[in-house]
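A.B. asks: One structure, as structure tokens, below. Some questions next.
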Amino acid sequence: MHPLLLLCQKAGRKRKRRMKVPAVSTPFALSLSKGRMTRDEWADVPLDDEVAVSSTDTIFALSSGAGVAGVAVVRLSGPASFMALERLSGKAVPAPRLASVRLLSDPATGARLDQALVIAFKAPASFTGEDVVELHLHGGWAVVAGVIETLASIPGLRPAEPGEFSRRAFEQGKLDLTEAEGLNDLIHAQTAAQREQALRQMDGALKDLYEDWRGRLVGHLAHLEADIDFPDEDLPEGIAGAVRPQILRLRDDITQHLVDGRRGEALREGFRIVILGEPNAGKSTLLNALARSDVAIVSDEAGTTRDSIEVQLDLAGFPVRLIDTAGVREGGGAIEQEGIRRALAKARDADLKLLLVRADDWPRLPATLTDHADDRTLIVVTQTDRVPMFHVEQSDVPGGMLGVAAISAKADHGLDELFDRLTEHVRDAMAPRETPSLTRLRHRKALEDAVEHLTRFDSNAGIDAVLAAEDVRMAARALGRITGRVGVEDVLDVVFSDFCIGK
Ligand SMILES: Nc1nc2c(ncn2[C@@H]2O[C@H](COP(=O)(O)OP(=O)(O)O)[C@@H](O)[C@H]2O)c(=O)[nH]1
Ligand SMILES: [Mg+2]
């Protein structure tokens, strides 16, 4: 494959294009004590080391999928985009946003490349906020490779790095980091619910929430600092004391947002259902039945499944990762023991555990596994055909667990009910709520950081006003990191290297 057509690869070199702008000190004395600034205005006040950037070179990449297709879209962004189109087409650039047919050829050799549909977007009204050109080509290898090679030969143009279009859109203020992540999620969405969540995030649902919180904190911070800097001014009395409950209420809102049972993350990454049980409980049989295919080996030889096997399911639009594990028992060889160790590790990370027990063993639960049984555990009694007239009641299950289901794969009994029950559970766990859910560990970490600083604020308030204000400043910065307001280069590198080339 042509090297420039490798769409998904990790970012290579680091770029140092970000520059710092000096801290803008909060305009305390101005309108603050009169409370004239709105929350939205506070949201626009930058704290120290928040950034502004610019980029100068022009990038290009195949933005549609690799492979033979009806149409392939090559995108250019940057100041030389229009010049490049003029060179390729030998004609003036068409009016912005007007699709036009152009014969493209190599300006050096005159070789014809394609009859293409071209669209020019004038800065700032484009995806990246820069001059952008889209070349809608016939999607064949020779056409795309010819255009890409020709573009590479034009001075001032270079191939884009992974996620560089989105990164520029971020740098030009077209997207914040959460919207850029939403865009990436949308491209990778495999189920309807994932698509829905990604669209919401791309629409700014998380940005609005976090910017609102940050704006409030910056407003409160201004009051706290005014109290420190102008103690003798004519400020309303006890202003710092008045903002304390508001800050703590905000902390509670963030904490509430954090204890969401990983809804958004589970929806993005897939809800993990782990099948656990002793050897021969029927774990692999259940995996195959739920996946409706022969994924795992089923055998009456104990210890057949030694590594974890994972299948992806789409339950009513919700993504599920169903994981079969090694049967847990004492003894067994070194490999089997390693399999068991992995099974227990998977159990710890599971969103839902299916603890399988054979009907002829019921109600004895394997001791190693009862330690792992909790409110994320559903007992599944298997192979009920082995016991005549087998019957189990929900009340037979030890408290603190989700309940019990009974199945026989052989008699095809109870499987549909289990499937429905799992679907219901997964829907409950992941269905969108009114307020958007955080979707990444990156968000979670920053929010936890903010909560920690606000808790510290609580202990410092009333004792040391300067420290307390600093805590609020740090909390605001933590929130700013989520949207990318606080531009930490390595955060950006991590976020955008997750993207493919052309995005
Ligand atoms: N009678 C009966 N046997 C079953 C049933 N499900 C699985 N088995 C058998 O039980 C044995 C172990 O099944 P397997 O799925 O490999 O169990 P695992 O070790 O927990 O993965 C195999 O011989 C299966 O054919 C069932 O519903 N009824
Ligand atoms: Mg097995």
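A.B. asks: For the stretch 376-403, which positions are under 33 Å from the mean Cα position of the chain (by Cα) and within 17 Å of Ala359 (Cβ to Cβ)?
C.D. replies: Scanning the stretch 376-403 gives Leu378, Ile379, Val380, Gly403.
A.B. asks: Would you confirm whether any residue within the stretch 296-303 is within 13 Å of ligand 2 (Cβ to nearest atom) and assigned to a helix (DSSP H, G or I)? Talk me through it step by step, then tell me what you get.
C.D. replies: Narrowing the stretch 296-303 to residues within 13 Å of ligand 2 (Cβ to nearest atom): 296-303.
Imposing the further condition that a residue be assigned to a helix (DSSP H, G or I) reduces the set to none.
Within the stretch 296-303, none of the residues are within 13 Å of ligand 2 (Cβ to nearest atom) and assigned to a helix (DSSP H, G or I).
A.B. asks: Yes or no: Thr285 near ligand 1 (Cβ under 8 Å from one of its atoms) and either part of a strand (DSSP E or B) or at pLDDT 90 or above (or both)?
C.D. replies: Judged against the criteria, Thr285 is a match.
A.B. asks: Here is a follow-up. Residues of the stretch 297-324 being surrounded by 22 or more Cβ atoms within 10 Å (Cβ to Cβ) and either near ligand 1 (Cβ under 8 Å from one of its atoms) or modelled with pLDDT under 90 (or both), which ones?
C.D. replies: Selection gives Thr305, Asp324.
A.B. asks: Then there is this: Does Lys353 count as basic (Lys, Arg), in a helix (DSSP H, G or I) and surrounded by 13 or more Cβ atoms within 10 Å (Cβ to Cβ)?
C.D. replies: For Lys353, the condition - basic (Lys, Arg), in a helix (DSSP H, G or I) and surrounded by 13 or more Cβ atoms within 10 Å (Cβ to Cβ) - is not met.
A.B. asks: Quick one: how many residues across the stretch 304-345 are assigned to a loop (DSSP other than H, G, I, E, B) and within 16 Å of ligand 2 (Cβ to nearest atom)?
C.D. replies: 12
A.B. asks: Further question on the same structure: Run down Ala373, Ala406, Ala446 and say which single residue is away from ligand 2 (no atom under 16 Å from the Cβ), buried (at least 18 other Cβ atoms within 10 Å of the Cβ) and either within 25 Å of the chain's Cα centre (by Cα) or not assigned by TED's automatic domain parsing to the domain that holds Ile273 (or both).
C.D. replies: Matching residue, one of Ala373, Ala406, Ala446: Ala446.
A.B. asks: Now, a different point. I'd like the full set of residues that are small (Gly, Ala, Ser) and within 16 Å of ligand 1 (Cβ to nearest atom), limited to the stretch 261-282.
C.D. replies: Gly277, Ala281, Gly282, listed by residue number.
A.B. asks: Looking at Gln246, Gln256 in this structure, which one is under 30 Å from Arg485 (Cα atoms), over 28 Å from the mean Cα position of the chain (by Cα) and either surrounded by fewer than 20 Cβ atoms within 10 Å (Cβ to Cβ) or within 16 Å of ligand 2 (Cβ to nearest atom) (or both)?
C.D. replies: Within the list Gln246, Gln256, the selection yields Gln246.
A.B. asks: Counting just the residues of the stretch 356-370 that are assigned to a loop (DSSP other than H, G, I, E, B) and out of contact with any Asp or Glu (no Cβ under 9 Å at 6 or more places or on another chain), which one comes out surrounded by the fewest Cβ atoms within 10 Å (Cβ to Cβ)?
C.D. replies: Arg364
A.B. asks: Continuing with this model, one more query. List every residue pair whose Cβ atoms sit under 8 Å apart, with the two residues 6 or more apart in sequence or on different chains, where the first one lies in the stretch 392-403 and is of a type in the set (Asp, Glu) and the second, anywhere, is assigned to a loop (DSSP other than H, G, I, E, B) and surrounded by 10 or more Cβ atoms within 10 Å (Cβ to Cβ).
C.D. replies: Close Cβ pairs (under 8 Å, with a partner that is assigned to a loop (DSSP other than H, G, I, E, B) and surrounded by 10 or more Cβ atoms within 10 Å (Cβ to Cβ)) amount to Asp396/Pro363.
A.B. asks: Go through the residues of the stretch 217-235 one by one and say whether even a single one is outside the structural domain of Ile323 (by TED's automatic domain parsing) and under 27 Å from the mean Cα position of the chain (by Cα).
C.D. replies: For the stretch 217-235, residues outside the structural domain of Ile323 (by TED's automatic domain parsing) and under 27 Å from the mean Cα position of the chain (by Cα): present.
A.B. asks: Looking at Leu276, Leu290 in this structure, which one is more than 10 Å from ligand 2 (Cβ to nearest atom), part of a helix (DSSP H, G or I) and either farther than 27 Å from Gln197 by Cβ or hydrophobic (A, V, I, L, M, F, W, C) (or both)?
C.D. replies: One residue alone meets the criteria, Leu290.
A.B. asks: Continuing with the same structure: Can you confirm whether the stretch 311-319 contains a residue that is within 33 Å of the chain's Cα centre (by Cα), more than 27 Å from Gln197 (Cα to Cα) and assigned by TED's automatic domain parsing to the domain that holds Ala289?
C.D. replies: No, every residue in the stretch 311-319 fails to be within 33 Å of the chain's Cα centre (by Cα), more than 27 Å from Gln197 (Cα to Cα) and assigned by TED's automatic domain parsing to the domain that holds Ala289.
A.B. asks: Would you mind telling me which numbered condition in (1) within 30 Å of Gly241 (Cβ to Cβ); (2) touching a His at 6+ places or on another chain (Cβ under 9 Å); (3) among the aliphatic types (A, V, I, L, M) Ala468 fails?
C.D. replies: With respect to (1) within 30 Å of Gly241 (Cβ to Cβ); (2) touching a His at 6+ places or on another chain (Cβ under 9 Å); (3) among the aliphatic types (A, V, I, L, M), Ala468 is out only on (2).
A.B. asks: Quick check: anything in the stretch 463-472 surrounded by fewer than 20 Cβ atoms within 10 Å (Cβ to Cβ) and in contact (Cβ under 8 Å) with a residue 40 or more places away in the chain?
C.D. replies: Looking through the stretch 463-472, at least one residue is surrounded by fewer than 20 Cβ atoms within 10 Å (Cβ to Cβ) and in contact (Cβ under 8 Å) with a residue 40 or more places away in the chain.
A.B. asks: While we're here: How about the stretch 325-341: which of its residues are buried (at least 17 other Cβ atoms within 10 Å of the Cβ), among the small types (Gly, Ala, Ser) and either more than 17 Å from Val357 (Cβ to Cβ) or not assigned by TED's automatic domain parsing to the domain that holds Gln312 (or both)?
C.D. replies: Scanning the stretch 325-341 gives Gly332, Gly339.
A.B. asks: Here are Ala125, Ala69, Ala92: which of them is within 30 Å of Asp212 (Cβ to Cβ), part of a loop (DSSP other than H, G, I, E, B) and at pLDDT 60 or above?
C.D. replies: Ala125
A.B. asks: Has the stretch 229-239 got at least one residue that is away from ligand 2 (no atom under 16 Å from the Cβ) and either among the β-branched types (Val, Ile, Thr) or outside any loop (DSSP other than H, G, I, E, B) (or both)?
C.D. replies: Looking for residues that are away from ligand 2 (no atom under 16 Å from the Cβ) and either among the β-branched types (Val, Ile, Thr) or outside any loop (DSSP other than H, G, I, E, B) (or both), one finds at least one in the stretch 229-239, hence yes.
A.B. asks: Here's something else I'd like to know. Taking the options Ala367, Ala347, Ala343, name whichever one is under 17 Å from Glu278 (Cα atoms) and without any contact (Cβ under 8 Å) to a residue 60 or more places away in the chain.
C.D. replies: Values: Ala347 fails: without any contact (Cβ under 8 Å) to a residue 60 or more places away in the chain; Ala343 fails: without any contact (Cβ under 8 Å) to a residue 60 or more places away in the chain.
Result of the check over Ala367, Ala347, Ala343: Ala367.
A.B. asks: How do the pairs read when you match residues in the stretch 289-306 that are within 20 Å of Gly414 (Cα to Cα) and among the charged types (D, E, K, R) with residues anywhere that are more than 6 Å from ligand 1 (Cβ to nearest atom) and modelled with pLDDT of 70 or more, using Cβ under 7 Å and keeping only pairs 6 or more apart or on different chains?
C.D. replies: Matching pairs, first to second residue: Asp294/Asn288.
The values are calculated or read from the model by the stated rules, or taken from the named source; none is laboratory data. What you see is a predicted model; the values in this text were computed from it and never measured. Here the Cβ is made from the backbone with ideal geometry for all residues, glycine too, and neighbour counts use every protein chain on show.
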